[in-house]
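The values are calculated or read from the model by the stated rules, or taken from the named source; none is laboratory data. Only a predicted model underlies this, so the values are computations on that prediction, with no experimental measurement involved. Note that each Cβ is placed from the backbone with ideal geometry, even for glycine, and that neighbours are counted across all protein chains shown. In case anyone asks, the SASA skips ligands and DNA or RNA and just uses the protein heavy atoms, side chains included. Shrake-Rupley method; radii C 1.70, N 1.55, O 1.52, S 1.80 Å.
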Amino acid sequence: ALALEGKVTLPRVVPPAPETIAAFPATFVDYYRVRIDPLKSDKTDSVLRFDFPDGTSAGLQVRRAVAEFIEEPDSYPRNADIVLKLTPEAWAKVYLSAAPIDDLIEGGEITVTTGDAAEAARVLNVFDRYDPARAVVIPPASLVQGHM
């Protein structure tokens, strides 16, 4: 009711806990695809592969404002342009925008094993970043009390 009255903005994104992302990294690679920014990714055509320490992999093909999830990169008809080796915890940081991509690469939390590190950061940055300050708005107590 408060949102309909324009008195509060509902959260657009309520992210999962980092532990949940880390427990299912490939699933969250799939979910990440919907965060593609069509304007930033307009001329991009790259295949990203995410390799996790347990031997699992997932990928995204970013092509002209669309991100396609690749469940099995080994059987995908196109080789990855960029291969990233990272822990599920590092992937959670990417997913939650907990640190700049460049910092994660420079700090060794993400290793670019195929492709260029600068291009890897650029492609990952065509996805919308999660901003906790914009995602959740808590109405003032006076508004909540007036609707009880």
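Contact map, the stretch 37-58: first residue touching a residue at least 24 places away in the same chain (Cβ under 8 Å) and among the hydroxyl-bearing types (Ser, Thr, Tyr), second residue in a loop (DSSP other than H, G, I, E, B) and open to solvent by 10 Å² or more (accessible area, probe 1.4 Å), Cβ cut-off under 6 Å, separation 6 or more or different chains; pairs are Ser41/Ala65; Ser46/Asp81.
Taking the stretch 1-105 as the region of interest, the strands (runs of 3 or more DSSP E) fully inside it that hold 3 or more residues being open to solvent by less than 40 Å² (accessible area, probe 1.4 Å) and within 19 Å of Phe127 (Cα to Cα) are 45-51, 57-63, 82-86.
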